[in-house]
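Here's a structure for you.
Values in this text are rule-based calculations from the coordinates and carry no lab data. Quantities reported herein were computed from a predicted structural model and do not represent experimental measurements. Every residue, glycine among them, receives a Cβ derived from its backbone with ideal geometry; neighbour counts consider all protein chains shown.
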Amino acid sequence: MYRVWNFLTNYSLLLILGAVIALVWANTDAHSYHLFVDYPLWFNDYVGSSLHHWEQVLGEDAALFGHAETAKVLTAHYLVNDVLMAFFFAIAGKEVWEAVILKNGSLRGKKAATPLFATAGGMFGPIAVYLGLAWFLGPDKFGAVANGWAIPTATDIAFSYLVGRIVFGAGHPAVRFLLLLAIADDAIGLIILAIFYPSGDLAPAWLLLSLGSAVGVFFLFNWLPRRMDRGDQLRTRSTWMRNTLSFWPYLAAGALSWYGFAQSGLHPALGLLPIVPTLPHADRAFGFFAEAEQYLTDLLNHAEHLLKHPVEIVLFFFGLMNAGVTFSSISEPTWLVLAGLLIGKPIGIMLFGYIGAYTLKLGLPAGMRTIDLFIIGCVAAIGFTVSLFVASVAFDPGPIQDAAKMGALFSFAAAGVSILAGKLLRVQKVDV
């Protein structure tokens, strides 16, 4: 489990640093911060936000940048959120895919049944609380904020894992339960993003480009060399592909897949997901971010290792680009997001986890108490990274989006709630 701790700690520290800088900057000089975030890098007709939308966001400041009339503009914000974050979601997708598909995958079999059932509670609970409270605000306010229902469903894998270790200790079975739940939660979150939060008008035909890229690169650079190597103990062709071409064909296919997603209307940050399963991979899973993976030589784990430090930097810029909201933006959406996370998550996970463990007789891991489900729900209420991302796509830039982002940032309060709950409910920490 050392690699999990090391991997996620590195991610967390840079992400927090970027978010803190953004908060300080936005609350001391909001104008220069927003100019930085929406700074135009390239006016073009192919990639980026629509020019009209960018002009609306910048207002009079758009006139500062002389440019020809184009269809799109690639801004710093678009580069980070829509292009570079695709590598973050690819790493998350890789771990989920291995957990579901490979032998001994963590999300396969009875061992994952109760965490998966609890994950459903961690989705439905926050949605019910968010929409239920929004309904009491009246029809006008409900219509304005309803699209943010998915924001409190997210669980930040890195921070929830780190806090889980503090509350339960590294060796407690609840920590692994929490990690399974968080990964499954984000897997469902990716599906929610794809279905309910398109980035533009839907043009499904463009997904054929993504599908064709995935099928083509798998057939030509994975399946065909292995097929031709049958009977060849030296695996000449596969070895040549690995040593000479390495991950470059998959990167090219990823670029095509990303463009297909961007043109289809689905969020382009998900564009690399179809390519992940096409890379040559190990035959069995060793657990989420398992230490053993660093010794594997398959191309999929090698690519993840190469992406590790670049993605840490991407997450720094993600925090910098998305966490810059002023404290004056706090309003109803802030409290709706917080209520969904701090109330809906613990209750939903506790209720569904109990039903799964006892009503459906799926059971709990040895050494884990029923009340630990509630504490796990408190820890899982840290939404931060994915909640910020969903808030940025659920609402157009403006007061409602800023208020919802503030709720995602304030979800750090769940860490304190979790530690307090652990003390009051007498968690016996297991540090071995």
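Per-residue counts of other Cβ atoms within 10 Å, averaged by peptide: what ranking do you get for 423-429, 179-185, highest first?
For the peptides 423-429, 179-185, the packing ranking is 179-185, 423-429.
Taking every eigenvalue of the Cα gyration tensor of the chain, multiplying by 5 and rooting it, what semi-axes result, largest first, whole Å?
Square roots of five times the eigenvalues give 33, 32, 19 Å.
Give me the lysines in straight-line cross-link reach of Lys345: C-alpha distance below 24 Å, same-chain residues under 8 apart excluded.
Partners within reach: Lys110, Lys111, Lys141, Lys361, Lys405, Lys423, Lys429.
Between Ala19, Ala63, Ala214, where does the largest GNM mean-square fluctuation fall for the chain, given springs only between Cα atoms within less than 10 Å?
Among Ala19, Ala63, Ala214, the largest GNM mean-square fluctuation belongs to Ala63.
Using a cut-off of 12 Å between beta-carbons, work out the net charge of the residues near Asn243 (Lys and Arg +1, Asp and Glu -1, Asn243 not included).
Once all neighbours under 12 Å are counted, the net charge is +3.
Set the Förster radius R0 to 35 Å, insert the Cβ-Cβ distance between Asp431 and His309 as r into 1/(1 + (r/R0)^6), and round the FRET efficiency to 0.05.
0.75
Another question, then. If eta is 0.890 mPa s and T is 25 °C, what Stokes-Einstein diffusion coefficient results for region 300-432, Kirkwood Rh from Cα pairs, in µm²/s?
The Stokes-Einstein estimate is 145 µm²/s.
Then there's this: Give the peptides 128-139, 236-247 in descending order of average Cβ contacts within 10 Å, highest first.
Highest to lowest by the protection proxy: 128-139, 236-247.
Also, I was wondering about something else. R0 = 30 Å: FRET efficiency of Asp140 with Leu424, Cβ-based, nearest 0.05?
0.15
Please state the charge dipole magnitude for the chain, taken about the Cα centre, from unit charges on C-beta atoms (+1 on K and R, -1 on D and E), reported in debye and rounded to the nearest 20.
2060 debye
With θ set to phi - 60°, apply the Karplus curve 6.51 cos²θ - 1.76 cosθ + 1.60 along region 226-241 and write out the HN-Hα couplings as whole Hz, x wherever there is a Gly or Pro.
My calculation for region 226-241 gives 5, 5, 6, 8, 4, x, 9, 5, 7, 6, 4, 6, 4, 5, 4, 4 Hz in order.
Then there is this: Give me, ordered by chain and number, the residues 5 or more places off Phe395 or on other chains with an amide H under 5 Å from its own placed amide H.
Under 5 Å from the amide H of Phe395: no residue qualifies.
Name the lysines eligible as straight-distance cross-link partners of Lys308: C-alpha to C-alpha under 19 Å, and not fewer than 8 places from it in the same chain.
Partners found: Lys94.
Under the 0.36 nm per residue contour assumption, what length would be gained going from the current alpha-carbon distance of Thr370 and Phe124 to full extension?
Net length gain for the segment: 86.6 nm.
What FRET efficiency comes out for Lys110 versus Ile330 if R0 is 56 angstrom and r is the Cβ-Cβ distance? Round to the nearest 0.05.
About 0.80, to the nearest 0.05.
Could I ask something else about it? What are the extents of the Cα atoms of region 194-346 along their three principal axes, in Å, largest first?
So the three principal-axis extents are 67, 40, 28 Å.
Amide H of Gly265: which non-local residues (sequence gap of 5 or more, or other chain) have their own amide H closer than 5 Å, using H built in the peptide plane?
Placed amide hydrogens put Ala203 under 5 Å from Gly265.
Starting from a Cα-only point model with no solvent, please compute log10 I(q)/I(0) by Debye for region 129-191 at q = 0.12, 0.13 1/Å.
Computed log10 I(q)/I(0) values: -0.44, -0.50.
Distance from the Cα centre of region 217-241 to that of region 320-381, in angstrom?
Measuring centre to centre over Cα atoms gives 46 Å.
With +1 on the Cβ of every Lys and Arg and -1 on the Cβ of every Asp and Glu, and nothing else charged, how large is the dipole of region 168-291 about its Cα centre, in debye rounded to the nearest 20?
Using Cβ point charges on Lys, Arg, Asp and Glu, region 168-291 gives about 500 debye.
Please report Rg (one decimal) and Dmax (integer) in Å for the Cα set of region 170-278.
Cα only, region 170-278: 18.1, 51 Å (Rg, Dmax).
Starting from the amide H of Thr75, placed 1.01 Å from N in the peptide plane, find each other amide H under 5 Å away whose residue is 5 or more places distant or on another chain.
When sequence neighbours closer than 5 places are left aside, the close amide H contacts are Leu41, Ser49.
List, in order, the whole-Hz ³J(HN,Hα) value for each residue of region 183-195 obtained from phi through the Karplus relation with A = 6.51, B = -1.76, C = 1.60 and θ = phi - 60°; use x for Gly and Pro.
5, 4, 4, 6, 4, 5, x, 4, 5, 4, 4, 5, 8
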